[in-house]
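Asker: Before we start, here is the structure in question, set down as structure tokens.
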Amino acid sequence: MFQTAFLTRKRRRPDINFTQVHEEVKFRDVTLYLVEKRMGKSRRNFLTNLARSKGFLVENMLSGHVTHVVSEGNAPQELWNWLEEQNLREPHNKHVLNISWFTESMSAGEPVPLEMRHYILNPAAERKLCPSPSSKPMSTVSPYACQRRTTIENHNKVFTDALEVIAESSEFSGNQGSCLAFRRAASVLKSLPVALKCTEDTQHLPGLGEHSKAIIEEIFECGASLKAQEILRDERYRTMKLFSSVFGVGPKTAESWYYRGLRTFEDVLTEPTIKLNRMQTAGFMFYEDISKPVSRSEAYALKTIVEEAVTCVNSSASVNVIGGFRRGKEFGHDVDFIIRVPEPGQEDGLLSAVIDRFKSQNILLYSDFQESTFDLRRLPNRRFEAMDHFQKCFLILKLKRDQVTDIRSIDEVRERFQCRDWRAVRVDLVAPPIERYAYALLGWTGSTLFERDLRRFARLERGKLLDNHVLYDKATKTFLPADTEEDIFAHLGLEYIEPLQRNA
Ligand code: CTP
Ligand code: MN
Ligand code: MN
């Protein structure tokens, strides 16, 4: 049912519409509806004709096609009560706007970009967003990372670097709440199109607690965060950072090593009571290589290798880069790939065959293969950070020097390969069933904070549960189908955010 409504909404309107026959429609992504209540019939007629003469499509009826609802003079509660009485299936898929957006668009002769100040928010939803009944003006930055566009260009690096060091130090102390608060604050600053100029610039930003604001203020006053500098000198932080930089060593293990008095890799490797697992052993064995960032050219050289192996096993399968490289990053700690198979069930046995192939090519240095445990009957999963159930593997592969064709300079070659003709690289592969592909693609593209906020938004604002496998509507108790990432954003009533803008 939803699917049908959604498809008809997406399909563009026919050129001739019985409500608008004479004027040419210039802006096909915008379909207006003007609320007559309080505006009055004659003003509504006048504004309708004005908009149509400028090439806007204006509907007389509030239908599923309408994208922008414009109201004048109605109190938000009154307007939303009225909207809810109209029995629209998806009222949250529409922008509900005050007349200012309309008049600005008329004088610009085109739809002006939407800003928060244009919106008439549902007071019920707004109470959820800002629990304190303050009279602060509405911020133009969304508190949800999935409603912000965050490219890799960061205009506030001095602030975000400090906030992230402090976040990491909280994480190392097991203080997840404060870690997340500092990460959120950094993420909001990363989304800003310009650098902060003074402390007051943070006043109307969402998600910045007193602690984060104090850090920013200190940077404005002293040029640096003394707290972050102190952390960077702290022995515990430095040791935890060093240990957890090893593949297979998480904060818990790092902490236990620290408390046993160990401070260096040599301490760990010569301590007889320490038993390393297989992953940690590989982590130490290839530490020098895998602690070096992987460049884009190396990532794409690996794509060729993975593609060759995958299509050798299944000629109709294809490979896509995901993770940080899909978001446009120049360097990563690993390379993530998703494998797409066109038919349900074709993914069975695929990854183990691919791994065997790497083995026979003598490029497999380490492999942790996880068979699929995907079972739709056990979903949705209410746990936030639960690992997904798809068939996947965490690998270390040999990348040969001559396989990287577009390395930029000979220095890069020397630096990355030292004297060997290969280097070790961490590679993640995931192979979901085709009907779960869009969800897996969205989940594995990241960033982690972007994904976290998508889930939080779905749950708190839409009553839906999202994870790497499904989107579940609690109201109708149904799983919502999606072929593309765009479908998922549309189900959530969110504007589509490109992968390049998901670096929250
Ligand atoms: N991911 C996931 N399930 C896993 C592993 C990873 O959903 N079992 C997701 C993570 O949440 C992240 C994305 O896959 O959003 C990529 O993970 P990772 O490689 O750790 O991070 P990147 O963003 O690629 O960062 P980097 O460039 O450092 O590799
Ligand atoms: Mn990655
Ligand atoms: Mn990864």
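The values are calculated or read from the model by the stated rules, or taken from the named source; none is laboratory data. In this text, all values refer to a predicted model and were calculated from it rather than measured experimentally. Reconstructed Cβ throughout: ideal geometry from the backbone, glycine too, with neighbour counts over all protein chains shown. Calculation scope for accessible area: heavy atoms of the full protein, side chains included, ligands and nucleic acids excluded. Shrake-Rupley method; radii C 1.70, N 1.55, O 1.52, S 1.80 Å.
Asker: If we scan the range 220-241, do we find a residue that is at pLDDT 95 or above, in the same structural domain as GLY174 (by TED's automatic domain parsing), closer than 30 Å to ARG117 by Cα and over 28 Å from the mean Cα position of the chain (by Cα)?
Answerer: Yes, that holds for at least one residue.
Asker: Here's something else I'd like to know. Tell me whether the range 465-484 contains one or more residues that are within 16 Å of ligand 1 (Cβ to nearest atom), crowded, with 17+ Cβ neighbours inside 10 Å, modelled with pLDDT of 95 or more and part of a helix (DSSP H, G or I).
Answerer: Scanning the range 465-484 turns up no residue that is within 16 Å of ligand 1 (Cβ to nearest atom), crowded, with 17+ Cβ neighbours inside 10 Å, modelled with pLDDT of 95 or more and part of a helix (DSSP H, G or I).
Asker: Looking only at the range 66-85, which residues are more than 24 Å from ARG52 (Cα to Cα) and surrounded by fewer than 17 Cβ atoms within 10 Å (Cβ to Cβ)?
Answerer: ALA75, GLN77, GLU78, ASN81, TRP82, GLU84, GLU85
Asker: Output the number of residues of the range 358-371 satisfying the condition of being touching a residue at least 40 places away in the same chain (Cβ under 8 Å) and surrounded by 18 or more Cβ atoms within 10 Å (Cβ to Cβ).
Answerer: 4
Asker: Still on this structure: Consider only pairs whose beta carbons are under 6 Å apart and that are at least six residues apart or on different chains; among these, list those whose first residue lies in the range 480-504 and is among the acidic types (Asp, Glu) and whose second residue is open to solvent by 10 Å² or more (accessible area, probe 1.4 Å).
Answerer: Cβ pairs passing all conditions: GLU486/TYR496.
Asker: Now for a different question. Just name the residue that is nearest to ALA424 (Cα to Cα) out of those in the range 330-354 that are among the β-branched types (Val, Ile, Thr) and more than 10 Å from ligand 1 (Cβ to nearest atom). Break it down stepwise before answering.
Answerer: Going through the range 330-354, the residues among the β-branched types (Val, Ile, Thr) turn out to be 335, 338-339, 341, 354.
When the remaining residues are screened for being more than 10 Å from ligand 1 (Cβ to nearest atom), the result is 339, 341, 354.
Details: ILE339: 22, VAL341: 28, VAL354: 18 Å.
Among those that are among the β-branched types (Val, Ile, Thr) and more than 10 Å from ligand 1 (Cβ to nearest atom), it is VAL354.
Asker: For the structure I just gave you, tell me whether ARG236 is open to solvent by 40 Å² or more (accessible area, probe 1.4 Å) and touching a residue at least 60 places away in the same chain (Cβ under 8 Å).
Answerer: Values: open to solvent by 40 Å² or more (accessible area, probe 1.4 Å): yes; touching a residue at least 60 places away in the same chain (Cβ under 8 Å): yes.
Here the answer is yes, as ARG236 does meet what is asked.
Asker: Given the residues GLU271, GLU217, which is the only one that is open to solvent by 70 Å² or more (accessible area, probe 1.4 Å) and of a type in the set (Asp, Glu)? Outline the logic, then answer.
Answerer: On the way: GLU271 fails: open to solvent by 70 Å² or more (accessible area, probe 1.4 Å).
None of the other options fit; the residue is GLU217.
Asker: Checking the conditions here, which among SER107, SER134, SER173, SER100 is open to solvent by less than 60 Å² (accessible area, probe 1.4 Å) and either at pLDDT 85 or above or of a type in the set (Ser, Thr, Tyr) (or both)? Working first, answer last.
Answerer: Values: SER107 fails: open to solvent by less than 60 Å² (accessible area, probe 1.4 Å); SER134 fails: open to solvent by less than 60 Å² (accessible area, probe 1.4 Å); SER173 fails: open to solvent by less than 60 Å² (accessible area, probe 1.4 Å).
Exactly one of SER107, SER134, SER173, SER100 is open to solvent by less than 60 Å² (accessible area, probe 1.4 Å) and either at pLDDT 85 or above or of a type in the set (Ser, Thr, Tyr) (or both), namely SER100.
Asker: Here's another thing I want to ask about it. What number of residues in the range 329-346 are surrounded by 15 or more Cβ atoms within 10 Å (Cβ to Cβ), away from ligand 2 (no atom under 13 Å from the Cβ) and over 15 Å from VAL306 (Cα atoms)?
Answerer: The qualifying residues number 1.
Asker: Return yes when ARG260 is in contact (Cβ under 8 Å) with a residue 60 or more places away in the chain and of a type in the set (Lys, Arg) and no when it is not. Steps first, answer last, please.
Answerer: Details: in contact (Cβ under 8 Å) with a residue 60 or more places away in the chain: no; of a type in the set (Lys, Arg): yes.
Against the criterion (in contact (Cβ under 8 Å) with a residue 60 or more places away in the chain and of a type in the set (Lys, Arg)), ARG260 does not qualify.
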